[in-house]
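In what follows, a single structure is set out as structure tokens and then discussed.
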Amino acid sequence: MNNISHVLFPNKTLTPRHAHLLPVKDEHGNLIDKAIVILFMAPSSYTGETVLEIQAHGGQALLQLILERCLQVGKSEGLRLAAPGEFTQRAFLNNRMDLAQAEAVADLIEAGSASAVRAAARSLQGEFSRRIQSINTDLLELRAYIEATIDFPEEEIDFIEEGRVNERVAEIENKLSQLQQVAMRGKVLREGLTVVLAGAPNVGKSSLMNTLACEDVAIVTDIAGTTRDRIAHTIHLDGLAVNLIDTAGLHHTNDKVEQIGIERTLEAVENADIVLLLKSADQKEAESQEEAMSLIQPRLREGVQFLHIFNKIDLVEGSAQKESDAIGISVKTGEGIDALIQRLKAIAGESDNAEGDFLARARHLDCIARACEHIRLISGECVGKTVGLDIAAEELRLAGMALGEIVGKTTSDDLLGMIFSKFCIGK
Ligand SMILES: Nc1nc2c(ncn2[C@@H]2O[C@H](COP(=O)(O)OP(=O)(O)O)[C@@H](O)[C@H]2O)c(=O)[nH]1
Ligand SMILES: [Mg+2]
């Protein structure tokens with residue numbers, strides 16, 4: 001690094017962390033630009049390594065010339081262009097930040113709303129990581145305690161009671177489920193809200209999709225089975241991205257194409273944040289509506305919001321027969337559509353306003369869910385009696401491993417490579 005700066009800026013001793021205004025010249029001594037040059041000495045830099053930062057005037061050609069000049073000067077030292085995310089990856093490998101914070105850098109750059117920016121910044125500050133670490137410390141302490149108890153088998157029951165082991169497992173489970181809720185909101189902030197329109201054929205799913213999207217994105221006919229595949233369209237409600245997914249109508253069928261479409265509908269339901277279950281208020285397809293419900297029910301994730309929508313209320317006299325919490329609409333006349341949008345906004349708002357949120361990714365949710373599963377296996381049990389000490393210790397260890405993946409302590413190299421390759425160049 002010293003060689004490079006000496007050739008680029010001869011006769012100039014750079015003071016670390018000091019902005020110098022210096023000419024950048026090509027190999028013939030011709031001026032390319034005057035730039036601000038800052039030297040960061042290891043370990044006080046973003047990556048933890050010695051860094052020479054050159055801030056030039058913008059412009060593709062100019063920056064290309066400066067880059068080429070740098071590469072030429074640094075060739076003998078193996079200077080090369082950085083891979084996408086390499087600066088942040090080096091920062092992570094040099095313990096300048098953990099993996100969740102590194103991901104927050106990419107999320108901060110990509111954030112699509114003010115609340116997503118704030119949440120990413122909180123993750124970058126380490127708020128998410130601290131909560132993970134705190135649970136990990138609890139897991140570790142409890143495991144150490146149980147393992148110590150294994151070494152004194154004759155007194156094990158006293159040890160377990162004295163150490164409040166069962167209570168502490170319950171406390172950890174509680175903390176994990178709180179973390180899971182915040183992380184779920186964080187995922188919505190990052191990725192938007194996924195709203196799936198599902199129901200029997202011909203109840204008006206595609207019509208509602210077009211109305212919410214304000215354009216004809218899906219084909220509407222009175223022929224059942226018109227929509228055969230998922231159709232996605234993103235709208236924005238109060239700054240939050242809402243990914244609408246129209247789906248094939250749910251019913252038992254022997255048609256091969258429809259069967260595939262229906263399986264795709266159910267996959268969409270599994271990944272939804274909100275499922276709008278549409279029914280037709282005129283009850284024309286009452287039987288197939290029951291059928292649709294029976295297909296959906298087993299595929300609903302825990303915690304997914306579920307709204308009953310009665311469409312075509314223009315076809316029934318007076319107030320339609322419907323469940324008390326259902327929303328009555330008519331795509332045809334527009335009645336009830338505003339109320340539905342308000343309802344969606346309210347749900348989106350819940351995830352939008354919560355102070356103290358941090359951005360989370362599907363990967364994080366998966367790790368937390370796995371940690372929860374391990375704890376669930378021993379919570380509610382009596383450690384040392386209905387569940388063995390060795391099993392309890394092992395489940396605590398596995399839960400800790402799962403959480404460790406979030407902050408990059410127990411993450412495989414392949415996964416790390418995949419995470420950083422999604423960063424943009426220069427970060
Ligand atoms: N009367 C009435 N007809 C509707 C309404 N919404 C949709 N339809 C009609 O119902 C039929 C099926 O609509 P479509 O959106 O294709 O249903 P999908 O199969 O659930 O996607 C079409 O002929 C629509 O024009 C409504 O609110 N009132
Ligand atoms: Mg349709």
* To do: Please report the base-10 log of the normalised intensity I(q)/I(0) for the chain, using a Debye sum with one equal scatterer per alpha carbon and no solvent, at each q in 0.07, 0.12 (1/Å).
  => -0.54, -1.04
* Pairs to check: 187/409; 75/409; 187/312. Give those whose C-alpha atoms are more than 23 Å from each other in this structure. => 75/409; 187/312
* Asked: Hey, what angle do you get for helix 362-378 against the long axis of the chain, alpha-carbon based, 0 to 90 degrees rounded to 10?
  -> 70
* To do: Scan around residue 50 for amide H atoms under 5 Å from its own, H built in the peptide plane at 1.01 Å from N, and keep only partners 5 or more places away or cross-chain.
  => 42
* Amide H within-cut-off set for residue 33, under 5 Å, with H built and near neighbours excluded -> 24
* **Helix-only CD estimate at 222 nm, as mean residue ellipticity for the chain, using -39500 (n - 2.57) per DSSP H run (n ≥ 4)** => -15500 deg cm²/dmol
* Virtual spin-label span in nm between residue 32 and residue 20, 7 Å along Cα→Cβ -> 1.6
* Filter the trypsin sites (Lys or Arg not before Pro) in the range 371-409 to those in DSSP coil with at most 14 other Cβ atoms within 10 Å of their Cβ, and list the result. => 385
* Structure fact -> Packing-ranked peptide list from 102-110, 42-50, 130-138, highest mean Cβ count within 10 angstrom first, is 102-110, 130-138, 42-50
* Structure fact -> Rounded to the nearest 10 degrees, the helix 127-150 long axis (Cα) sits at an angle to the longest Cα principal axis of the chain of 80
* Asked: What relative contact order, as a whole-number percentage, does the range 59-132 give when Cα pairs under 8 Å and 6 or more residues apart are counted?
  -> 22
* Structure fact -> In degrees, nearest 10, the alpha-carbon axis of helix 286-296 is tilted away from the dominant principal axis of the alpha carbons of the chain by 30
* Figure the gain on full extension for residue 342 and residue 63 (residue separation times 0.36 nm, minus the Cα-Cα span) and round it to one decimal in nm. => 95.6 nm
* In this model, which of 34/422; 12/34; 279/332; 256/332 are farther than 26 Å apart at the alpha-carbon? -> 34/422; 256/332
* **Cβ-based net charge around residue 171, under 12 Å, with every Lys or Arg adding one and every Asp or Glu removing one** => -1
* **For the range 248-253, Karplus couplings with θ = phi - 60° (6.51, -1.76, 1.60), whole Hz, Gly/Pro x** => 6, x, 8, 6, 6, 8
* Please give the FRET efficiency for residue 125 paired with residue 317, using the beta carbon to beta carbon distance and R0 = 56 Å, rounded to the nearest 0.05. => 0.45
* At residue 94 and residue 305, where each label point lies 7 Å from the Cα along Cα→Cβ, what is the point-to-point distance in nanometres? -> 4.4
* Alpha carbon centre of the range 185-231 versus the range 131-156: separation in Å? -> 50
* Structure fact -> Here the range 34-51 yields Karplus 3J(HN,Hα) values (6.51, -1.76, 1.60; θ = phi - 60°; whole Hz; Gly and Pro given as x) of 9, 10, 8, 10, 10, 9, 10, 8, 4, x, 8, 8, 4, 8, x, 10, 5, 10
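Only the coordinates and a few stated rules stand behind these numbers; no lab work does. Given the structure is predicted, the values throughout are model-derived calculations rather than measurements. Note: ideal-geometry Cβ built from the backbone for every residue, glycine included; neighbour counts use all protein chains shown.
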